[in-house]
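Note sheet for the following structure.
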Amino acid sequence: MDANIDKIIDDSRLKLDKWRDSSLKKFNRFYDNKCDELERYYTQKVRQQQKEIDQLYKQLNEFNQKQNTIHEDNLNELQTNILNVKQKIAETEQKFISIHIRSLAIDKNLIIIGEMKIQEFDLTTLLLPYQTLNVSENFGFGLATTFDQLFSIRLDIKYVSYQLPIRCCSLQDNEWLVVEANTSQLFHIGREGKLKGTVTYDQPPYKVLLFGSNILVIRTDSTINFHEVWH
């Protein structure tokens, strides 16, 4: 019995090992890319400064060829500029390059052991429900990769003379949220294409997007609102 348990654990751990190896490769690739970017940045900066010096020396040679017509103040200014650029190059070689690094945050839900509990989106936790039934319109939902229609649903939307675009975003568990700006309505569509809830937003919603699993972003005419969605 214990041998079987150990074998199951070892076999399952292979999946974790594979994930770790794959993640380390991605991390090392990212690190190598940043090292290359750092080298390009430094080389480009020094090359630009060297180009400035070459240009100044070129002007100096031209001045030397026209000594009778060049004012001494102009020559002194040019020599000063050359010294200043050389000083900048020396400072660049001695200083560290500014690098801004954020700590690597690891989501504790990145790996879930055991059965994964699918959280159901609840529109009523966002704001109080409100429903308006008028003119009906049909909407189709499909796969972005093939454009095959998954289902269609009839939504009761009040008709106005100028119809603003109707937007939607996908939620967890193959559900959808439709926003209609003319009447400020939000429609919660279930995975089987059934209407699960309708509420009225306090401002006309023009666009909607779900970040992560519980941050719903709604853009209105003058604001971008972030809502924490409770399940």
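The values are calculated or read from the model by the stated rules, or taken from the named source; none is laboratory data. These numbers were taken from a predicted model, which means no experiment stands behind them. Using ideal geometry, Cβ is built from the backbone for each residue, glycine included, and neighbour counts are taken over all protein chains shown.
Only one of (1) farther than 30 Å from Lys86 by Cα; (2) modelled with pLDDT under 90 fails for Phe30. Which number is that?
(2)
Return the residues of the range 179-192 that are closer than 16 Å to Arg167 by Cα, in contact (Cβ under 8 Å) with a residue 40 or more places away in the chain and not in a strand (DSSP E or B); say none if nothing qualifies.
Thr183
Any idea which of Asn138, Asn134, Asn109 is assigned to a helix (DSSP H, G or I), at pLDDT below 85 and farther than 16 Å from Leu216 by Cβ? Working first, answer last.
Working: Asn138 fails: assigned to a helix (DSSP H, G or I); Asn134 fails: assigned to a helix (DSSP H, G or I).
Answer to the selection: Asn109.
Which residue pairs have Cβ atoms under 8 Å apart, sit 6 or more places apart or on different chains, and have a first residue in the range 25-42 that is over 16 Å from Leu104 (Cα atoms) and a second that is assigned to a helix (DSSP H, G or I)?
What qualifies is Tyr42/Thr92.
Limited to the range 85-106, what total is found for residues that are loosely packed, with under 10 Cβ neighbours inside 10 Å and modelled with pLDDT of 70 or more?
So the count comes out to 10.
Of Ser161, Ser184, which residue is closer than 25 Å to Arg219 by Cα, modelled with pLDDT of 60 or more and surrounded by 14 or more Cβ atoms within 10 Å (Cβ to Cβ)? Talk me through it step by step, then tell me what you get.
Numbers: Ser161 fails: surrounded by 14 or more Cβ atoms within 10 Å (Cβ to Cβ).
Selected residue: Ser184, the only one of Ser161, Ser184 that is closer than 25 Å to Arg219 by Cα, modelled with pLDDT of 60 or more and surrounded by 14 or more Cβ atoms within 10 Å (Cβ to Cβ).
Yes or no: the range 204-212 includes at least one residue that is modelled with pLDDT under 85, surrounded by fewer than 16 Cβ atoms within 10 Å (Cβ to Cβ) and assigned to a strand (DSSP E or B). Spell out the reasoning first.
Here is the first cut: in the range 204-212, the ones modelled with pLDDT under 85 are 211-212.
So of that shortlist, the ones also surrounded by fewer than 16 Cβ atoms within 10 Å (Cβ to Cβ) come out as 211-212.
Now narrow it down to the ones that are assigned to a strand (DSSP E or B): 211.
Taking every residue of the range 204-212 in turn, at least one turns out to be modelled with pLDDT under 85, surrounded by fewer than 16 Cβ atoms within 10 Å (Cβ to Cβ) and assigned to a strand (DSSP E or B).
When you go through (1) part of a loop (DSSP other than H, G, I, E, B); (2) modelled with pLDDT of 70 or more; (3) surrounded by 12 or more Cβ atoms within 10 Å (Cβ to Cβ); (4) not acidic (Asp, Glu) one by one for Ser222, which number turns out not to apply?
Here Ser222 clears every test but (3).
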